[in-house]
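To start, the structure under review is shown below, and the notes come after it.
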Amino acid sequence: MKKYLVTGSAGFIGFYVAKALLDRGDEVIGIDNMNPYYSVTLKEDRNDILKKYPNYTFHYLDLVEREKLFDILKKEKPKVICHLAAQAGVRYSLENPYVYEQSNLLGTLNLLEWSKKSVKNFVFASSSSVYGGNRKIPFSESDRVDNPISLYAATKKGTELMAHAYHHLFKTPMTGLRFFTVYGPWGRPDMALYTFARNMVQKEPIEVYGYGKMLRDFTFIEDMVPAVLNCLDTPRGYEIYNLGGNSPVKLMDFISFIEKELGVTAEKMFLPMQPGDVRETYANIDKARRDLGFEPKTSVKNGVKRSIAWFKKYYSD
Ligand SMILES: NC(=O)c1ccc[n+]([C@@H]2O[C@H](COP(=O)([O-])OP(=O)(O)OC[C@H]3O[C@@H](n4cnc5c(N)ncnc54)[C@H](O)[C@@H]3O)[C@@H](O)[C@H]2O)c1
């Protein structure tokens, strides 16, 4: 039984990763500040599921609180860190820049400072947004990512750079995962799938940015979790992996999948691209396939079906 620290354990991806570790009998120390960026009730509901496991310990903490964080880590001594906590969201970063600097940069730095002492493996979340406005499709890990177009993306690239420096200096194995629009049951209510679904159910119009011409490479959460566990189990030097569906979907098709599952036709407001948004994401996943055995199996149509089934049940209870 190994001891893992999962930051952002009440968050969407953190919840799934923590649960998978707990299910296989490992010990998980979860940290989350339960911030109100989106429904705290949803975070609590996820966390309540984790709390049922005797091998789960939760600490309600903000990663920027360095002394408290170090006290917890001194006591718990996790050997492997899965750092998923962050302020996510491209659009929100235009209005709330400092929370990104605090959570994504300072929060990460605090963990890196700790990790140099005794951590055997450090896995962290990056994002497809680091590819910014890159025109070369699909995006490969070896592509240059020096032109972020949102502060969120800049802090994710900053996370990768800080991790690289700490790996170089202190030799801690570091693996960064560039997630591409991860979705599924228990997913984030601020992301398109559930904002659209909510509006459709409430018979309110949906805002379709980029006049519906955007393409997104979606990743179903359950396809992705085994790849994260592989990274946690296998310390590598310093590596970056794309985790994406490898099959971009047109926004209008995505909307039609949701409409079908809800049995409604959405009223659509076609709007220009929002500042900071990228027109297309598309992951080259050759490296993750080869090294992590990553294989996205769930079609977006089926993934939306699974997600909407959860949405109907969760929000009707
Ligand atoms: N979901 C996606 O499509 C996606 C895509 C690219 C990258 N990512 C990255 O993956 C990671 C997980 O994303 P998610 O979708 O699960 O987001 P999420 O918002 O559901 O989870 C993040 C969790 O971290 C917590 N948190 C935030 N700041 C914190 C702090 N300072 N201290 C302690 N806890 C804090 C939040 O309360 C939240 O529960 C994030 O790093 C995100 O940037 C996600």
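The values are calculated or read from the model by the stated rules, or taken from the named source; none is laboratory data. Note that this is a predicted model, so its numbers are computed, not measured. Cβ placement follows ideal geometry from the backbone for every residue including glycine, while neighbour counts extend to all protein chains displayed.
If the condition is being surrounded by fewer than 18 Cβ atoms within 10 Å (Cβ to Cβ) and out of contact with any strand residue (DSSP E or B) (no Cβ under 8 Å at 6 or more places or on another chain), then region 38-52 contributes 39, 40, 41, 44, 45, 48, 49, 52.
Just a yes or no: is a residue in region 259-276 touching a residue at least 12 places away in the same chain (Cβ under 8 Å), surrounded by 15 or more Cβ atoms within 10 Å (Cβ to Cβ) and of a type in the set (Val, Ile, Thr)? Among the residues of region 259-276, not one is touching a residue at least 12 places away in the same chain (Cβ under 8 Å), surrounded by 15 or more Cβ atoms within 10 Å (Cβ to Cβ) and of a type in the set (Val, Ile, Thr), which makes the answer no.
When residues in region 51-103 are screened for being more than 9 Å from the ligand (Cβ to nearest atom) and either of a type in the set (Val, Ile, Thr) or assigned to a loop (DSSP other than H, G, I, E, B) (or both), 14 of them pass. On the stretch given as region 28-48, residues that are touching a Ser or Thr at 6+ places or on another chain (Cβ under 9 Å), within 10 Å of the ligand (Cβ to nearest atom) and either within 24 Å of residue 232 (Cβ to Cβ) or not in a loop (DSSP other than H, G, I, E, B) (or both) total 6.
For residue 15, the conditions (1) crowded, with 21+ Cβ neighbours inside 10 Å; (2) closer than 21 Å to residue 234 by Cα; (3) more than 8 Å from the ligand (Cβ to nearest atom) are fulfilled apart from (3). The residues on offer are 201, 264, and the sole one that is farther than 22 Å from residue 129 by Cα and out of contact with any Leu (no Cβ under 9 Å at 6 or more places or on another chain) is 264. Of the residues in region 208-215, at least one is buried (at least 17 other Cβ atoms within 10 Å of the Cβ) and closer than 21 Å to residue 243 by Cα. Against the definition (in contact with a strand residue (DSSP E or B) (Cβ under 8 Å, 6 or more places away or on another chain), in a helix (DSSP H, G or I), farther than 18 Å from residue 87 by Cα and within 13 Å of the ligand (Cβ to nearest atom)), how does residue 193 come out, yes or no? For residue 193, the condition - in contact with a strand residue (DSSP E or B) (Cβ under 8 Å, 6 or more places away or on another chain), in a helix (DSSP H, G or I), farther than 18 Å from residue 87 by Cα and within 13 Å of the ligand (Cβ to nearest atom) - is met. The set of residues in region 198-223 being of a type in the set (A, V, I, L, M, F, W, C), more than 16 Å from the ligand (Cβ to nearest atom) and under 23 Å from the mean Cα position of the chain (by Cα) consists of 208 alone.
Of the candidates 161, 151, the single residue that is touching a residue at least 12 places away in the same chain (Cβ under 8 Å), surrounded by fewer than 24 Cβ atoms within 10 Å (Cβ to Cβ) and either within 15 Å of the ligand (Cβ to nearest atom) or over 19 Å from residue 234 (Cα atoms) (or both) is 151. Checked against (1) in a strand (DSSP E or B); (2) closer than 25 Å to residue 269 by Cα; (3) basic (Lys, Arg), residue 178 passes all but a single condition, namely (2).
On inspection, residue 116 qualifies as assigned to a helix (DSSP H, G or I) and at pLDDT below 95. Just one residue in the set 31, 81 is out of contact with any helix residue (DSSP H, G or I) (no Cβ under 7 Å at 6 or more places or on another chain) and in contact (Cβ under 8 Å) with a residue 40 or more places away in the chain; that residue is 31. Total residues in region 18-27 satisfying the condition of being within 16 Å of the ligand (Cβ to nearest atom), touching a strand residue (DSSP E or B) at 6+ places or on another chain (Cβ under 6 Å) and either more than 12 Å from residue 56 (Cβ to Cβ) or of a type outside the set (Gly, Ala, Ser) (or both): the figure is 1.
Evaluating residue 229 against the criteria (1) more than 28 Å from residue 312 (Cα to Cα); (2) outside any helix (DSSP H, G or I) leaves one unmet condition, (2).
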